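Right, one structure below, let's go through it.
Taken together, the values in this text are just the output of simple stated rules run on the coordinates, not laboratory data. Here the structure is a predicted model, which means the values were calculated and not measured.
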């Protein structure tokens, strides 16, 4: 799985605008600047002490989309709204690949999801349809680059 993450991370790292502008270029309509001061604390209290916040994006519709990483390297996508709603679990290696390529781990997680590599049973589409749509837009751009 790590090689798949690396392949996608490489694509993100070389996309127009670069990795630094991933959120603003592809998710600007669904995110807002800043992160609530209590986001990490809320995440830790809902998932337990075995997870740390890798990255979080405040959502325009409310709440935070957070990627948490466990000590074993597995990652979990969580929507922090009135409650913490687990969205999707990723096998280990996602955060490592993101760090190797200097890209936002949450952006990589959303691309992995949009590619269909991991299945959430439609949870992201049901809970956060605009984020799901933006992730599919990112997939379209990444796929065009993969095809040459």
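For region 3-68, a/c is not less than 1.5, where a ≥ b ≥ c are the root eigenvalues of the C-alpha gyration tensor, and a/b does not top b/c. That puts it in the oblate class. Pairwise Cα distances in the chain exceed 21 Å in 38 percent of cases. Taken as Cα centroids, region 85-140 and region 11-58 sit 11 Å apart, rounded to the nearest whole angstrom.
The Rg/Rh ratio for region 36-94 is 0.94, where Rg is the radius of gyration of the alpha carbons and Rh is the Kirkwood radius.
Relative to the longest principal axis of the Cα atoms of the chain, the long axis of helix 2-13 makes an angle of roughly 80 degrees. Using all pairs of distinct alpha-carbon atoms, the Kirkwood hydrodynamic radius of region 86-148 works out to 12.2 angstrom. One chain, two ends: residue 20 and residue 2. Fully extended at 0.36 nm per residue, the span grows by 4.3 nm beyond their Cα-Cα distance.
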